[in-house]
Every structure is written in C-alpha cells, then in structure tokens.
C-alpha cells in the first residue's frame, strides 16, 4: 500500500504534527492473531512470495538485466569511488569459486574471512557462495583489537577452515600467526604478509571449468555462510545460514518494502558484514533487488563519523540504515551542514535503525530536523531480528510510530508469544530460521527450540495495547537480564535501561542495571565522554576520570536521577544510586561487542567488586551519586 498516515496513526505517533510523510510504498501490516491457552500466535495475513533457490541467482539475473550497474563500490585512495558491476562480479565469483573448488573446500573446510567490509571481501564471499562452499566473516576486532585472540581462536577451532582470507596480510599477520594452523592456506590481496600467502589475483585468474555445474547443484538448504552470534552470553555460536534462509528473508523484506521493486535501492552503509544486520540484511537488499551498496569506511565513533558525513554529502541513499548512535550523530550534523542536507534529503524515503533502541529524544530530534529542512517527514522504521533468523522477523509496518515499537510479523514469519518469568518471550518459526547451531551438542541445541519448533529468542515483548493485539508489539528487554530484589520484587531491566538512556541523552552511552538480591536498584553508567567533556567545558586532553568527576557532569546525573524517579512506582522502578564509569567496556572480557552492544552479564561479572562497593553504604565512592541528598 502507499503509506499515508491516517488519523489513528498520527494519534499513536510520539509527536503531534501536520507535516505530511514523503510517500513510500510499505507492505500490508494486517496480522492474524489467536490465543491458545497462555500462548499467543501471530502471523501476517500476507503470505511470502516465490523466491530463488540460491541468493547468487540474483547475481545472475542482475548481470543479465543491468550488467554495467555497480553492485558494490568504495572510495579509493584518490578519493574517487571504485565499483564492481554485476557482470564483473559474476565473472570474478566464477573464477574464485573454481579456485576454491580446486582446493577441495567444503562445509567441513570452509573459507574464513578476517578483514572487514571491502571490495576484496565481497568477491571472495560471492566466489565461495557460487561454488557452494560456506564462508565465515569474522569480526576484525577479534584480530585487531583483542589482545589474546580468544574469540578468534574459538572460531577457527570450531570451523576448521581450509582457507583463510585477509585483504591486508600485514595488519592481520599477528593474529593469523597466533591462531591459524600452518597447514591452512592463507590468501591476501597482494600475497604479502608475515607468513607465506597466496595472492587474490591467483584465484581471480583461475579459468572456470566445473564451478557452474557445482552452482547449479546447490540446494536451498545448503549452507551459504556461517555467522557468529555476538557472544552476549559466553562464547559466540556459529549459525549455519542457508540459501533458503537468506532468500526467504530477502523476499520478506521486499514484501515489506515493495519500494525496492519500484526504485533499485542505493545504500551508503558501514555496518559490519560479520553481523547479520550489515552482512545479510543490507548486502542482501542491494543484491536481491538490483541495487548498489556504497561501502562507508566511517562509523559513529569519534572522528570516524566524519568519513560517513563526507560520503553522505556526495552519495544520496534511497533508504538509510544505522544504529541509534549513528542517527544521533547524523541528526546533529544535519542541523548545521547545508550540503549534507541537500544530498541526503534528495531521495531518501525511509530511515531504519537496528542493533539497539533509538531513544525517544533522539527520535524527536531526527524528526524535527527532517521536517524543518526537508519540508516532509521521513518514516522512521525498525524491527526485531537476530542472527538465528537471518535476520528479520518483525517490522514496524503498523500505525504506531515511536521508540520501543518493534511492530508486526513479516510475511512468512510465524510468531509465538509465551509467558516466561512474568514476561512474554518472542519465539519464531519460518523458512528464515536456522535449524540449529554448528557443532553444538544435541542437548544444548534442543534448548533453543520449543516443542512446536519455534526458536526461543530470549527477547521479551509486550502488546502496545492488550485489548488490541493487532496493533503490534513493543520491545520489553531480555528475559535473562531481569532479576529480583531481596524483597522478591522483579526488576525489568530492558525498559529501565531504555528510560535512562533516553532521559540521559546525549550524555549516556549505555547502562548496566544492578541490584540482584539487594535491597534496591543501582545503575552503572557508561557516559558519552566527549559530550560530558563539552558539558564540563574541559579541554580535549582531559582524562576520563577528570570528566566524570567534573561538578557539571555530576550535577547533570544527580538531576537525571531526580527526573527518573519522579515516575517510579516502587522499589523495582526506583534507581537508588548511580555510578559513573571511567573505564570503557572491554572487548577482550566480552563486556562489549564490536557493534557496540553492552553485555550486561559480563560487565556485572568483571566489575563485581565495583558493584559491591556501590551498594555498600559504608564505603565512600566519589563517583556514586545517590537518589537522596547523600552524595550530591
């Protein structure tokens, strides 16, 4: 349907405004809802349409229909964009695929890619996929940021690759020497590095002989790639992602966004390909719909976002994806940069965020700057998905438009809501859902699915309006994060975190809620140090400790506690104390993933002494701020 907000949709939006939306075609949102016993079942009234057997079939159709259109492009060293067309990519995938076949690679000896988003990565990935050989993109941080290579070693030992690729052999040399067995072939862009390696050109010069027959024999349930979970609990798990999973999910996306068939999507995107959002969702959108993906070498971290702004001043996306921090940075830049506004607003039709929740304050700011300088509203959309579901399950196709809303089932996705620990756990079934984790014992795998075959996500949701379940669902945190106070009262962590981040914008990066078996609730706050430094009028060289101890910063957070607790309804919703952290979350300790998600359990485990001190009334921690007059 062509989306035009009705009176009911305006009434359920977070902001009242008469500014019209830029027209965009959005799929049907009508769900079928039923209840059986304590469980709710939801699905879209729209069934999923036909989709190809293999994702690489879209590479063939693209090369036939628009051979010269860029599939992927990236800014070169000279500042100009360098692209690979659909026809060029098909030819390169066939050559690389043949070279991989000649090496006897398979699901038991897959390809591992260590380096991040670049043209070489895409060629190797599609070459492996063309040959029917799974590949596994591994977080570059496991090689370049980690000091012990623990997660990288785990991935290599689990997959047992037959070939490892890294574009820059020198940068990844130490990691490869530490964890890649000597008998495993290493391929780099130029054949150089700390260990003997093969140049990518050798693979590209291979003449296709049997690879096309191998491609034609690939069945839908063949593994296209392995994606690792973020490791938010224990070590990352490998998800075998099949062609059926990828193709069905892309068809769900197309039916949710029929606009992709009207105008081929153009993406400017930094999201890492080792994560399902960037590597399956966004790369897939471009390939599946004949679009173009411009690789953005920026990211919403410090000065690296300047590169994103540089790209967006020159390249106009039709749909723009980012994590909440990226949207916050972009909204700020749009307020002051006329050239950025002219390009960015020229043809974008949808804003989409994932990876974390966008605070209502950031949402409202984005809408205000769009209305002011664009003259229209751009629909802000989100959803709910995960690596195990390749990734999308829910989309905000309903009439509700506000922070926290995760929407309604995508066509083809069956949703089951089951009471667990006082909440509703979201469970999913469909052609886009994995069959199980790679090389995980049967007992552990069985825990991932219920008796009806639904994947148990661990995500909690609630109805926007229990009287009108057809309106859709709100995110309600992770079930495993919730805990009880000593009084036996449950603390709902997800909504509390979201409230602190929203009310504390722009000075709060993330929050870890404390209080398990204690008398009251506390909060460990990772502040946005640059914003807090500016708040305190401190110089750029100020240390993290100086920033969090600054009177202006403490005053802000003391006031934040007052504001948060005005709406509390009891001990479980009152934050009694707040502790500002001057040590960033650690990747090696699993406190944070490379996409910026905080692991609550890991932070609580590794900072247990700090938590104990915060809750001990006898200790005098200067970085603790109390909800009473004490400490303020």
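Some points to look at:
- For region 533-616, the helices (runs of 4 or more DSSP H) that sit wholly inside it and include 2 or more residues that are within 30 Å of residue 142 (Cα to Cα) are 544-549, 600-606, 608-615.
- Residue that is modelled with the lowest pLDDT [pool: residues in region 169-205 that are in a loop (DSSP other than H, G, I, E, B) and crowded, with 19+ Cβ neighbours inside 10 Å]: 193
- Residues of region 18-47 that turn out to be touching a helix residue (DSSP H, G or I) at 6+ places or on another chain (Cβ under 8 Å) and either within 22 Å of residue 460 (Cβ to Cβ) or not assigned by TED's automatic domain parsing to the domain that holds residue 432 (or both), as a count: 4
- In region 281-362, counting only helices (runs of 4 or more DSSP H) that sit wholly within it, the ones holding 1 or more residues that are over 30 Å from residue 433 (Cα atoms) and free of Cβ contacts under 8 Å to residues at least 60 places away in the same chain span 305-314, 324-334, 338-344.
- Within region 363-382, considering residues that are touching a strand residue (DSSP E or B) at 6+ places or on another chain (Cβ under 8 Å) and assigned to a loop (DSSP other than H, G, I, E, B), the one surrounded by the most Cβ atoms within 10 Å (Cβ to Cβ): 382
- Residue 264 meets the stated requirement of being in a loop (DSSP other than H, G, I, E, B) and farther than 20 Å from residue 224 by Cα.
- Enumeration of residues in region 99-119 that are surrounded by fewer than 22 Cβ atoms within 10 Å (Cβ to Cβ) and assigned to a helix (DSSP H, G or I): 102, 119
- Condition check for residue 425: under 18 Å from residue 230 (Cβ atoms) and modelled with pLDDT of 95 or more: no
- Flag if residue 391 is closer than 29 Å to residue 223 by Cα and either touching a helix residue (DSSP H, G or I) at 6+ places or on another chain (Cβ under 6 Å) or surrounded by fewer than 21 Cβ atoms within 10 Å (Cβ to Cβ) (or both): yes
- Each residue in region 131-154 was checked for being touching a residue at least 40 places away in the same chain (Cβ under 8 Å) and part of a loop (DSSP other than H, G, I, E, B), and 9 pass.
- Only one of the numbered conditions (1) farther than 25 Å from residue 365 by Cα; (2) not assigned by TED's automatic domain parsing to the domain that holds residue 164 is not met by residue 214, and that is (2).
- Of the residues 568, 597, the single one that is closer than 24 Å to residue 324 by Cα and out of contact with any helix residue (DSSP H, G or I) (no Cβ under 8 Å at 6 or more places or on another chain) is 597.
- Only residues that are surrounded by fewer than 17 Cβ atoms within 10 Å (Cβ to Cβ) and outside any strand (DSSP E or B) were counted across region 25-47, and they come to 6.
- Qualifying residues in region 244-268 (those that are under 15 Å from residue 73 (Cβ atoms) and touching a strand residue (DSSP E or B) at 6+ places or on another chain (Cβ under 6 Å)) - the one surrounded by the fewest Cβ atoms within 10 Å (Cβ to Cβ): 266
- Breaking point among (1) surrounded by fewer than 22 Cβ atoms within 10 Å (Cβ to Cβ); (2) touching a strand residue (DSSP E or B) at 6+ places or on another chain (Cβ under 6 Å); (3) in contact (Cβ under 8 Å) with a residue 40 or more places away in the chain, for residue 429: (3)
The values are calculated or read from the model by the stated rules, or taken from the named source; none is laboratory data. Remember, predicted model here, so these are calculated numbers, not experimental data. Counting neighbours? That spans all protein chains shown, and the Cβs are built from the backbone with ideal geometry, glycine included.
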